[in-house]
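See below for the structure under consideration.
The values are calculated or read from the model by the stated rules, or taken from the named source; none is laboratory data. Please read these numbers as outputs of a predicted model, since none were measured by experiment. In case anyone asks, the SASA skips ligands and DNA or RNA and just uses the protein heavy atoms, side chains included. Shrake-Rupley method; radii C 1.70, N 1.55, O 1.52, S 1.80 Å.
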Amino acid sequence: MNAGGLVEDKERAMRIATDIIEPALQNALGKAREENAPSAEILHALANCYGGLLVDLLGHAAAAQFMLEHAAHIKSREETASTH
């Protein structure tokens, strides 16, 4: 993905995702479940944090564009999967 002028090294991005970010999110998810929060509340909290991080990294306009492009990417994968 190259939203908002981002250039990414896909291998490094995948390593960061699997080795750093995903374990931290799994840990946070475990703590959120200890709060007995419903899944909808946990998802809402995660989306707010994600959106805030995007704004911090990219600014409002680029963050919104990134999310639009990411949504289109997710949708295209669904359409591709359903045609096979």
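Cα-based Rg of segment 42-84 per 2.2 N^0.38 Å, rounded to two decimals?
1.40
Only protein atoms count toward the accessible area here, which uses a 1.4 Å probe; on segment 30-84, the carbon and sulfur part of that area reaches 61 percent.
Legend: P(r) of segment 1-78 from all alpha carbon pair distances, 5 Å bins from 0, whole percents, reading 3, 13, 16, 23, 24, 14, 6, 1.
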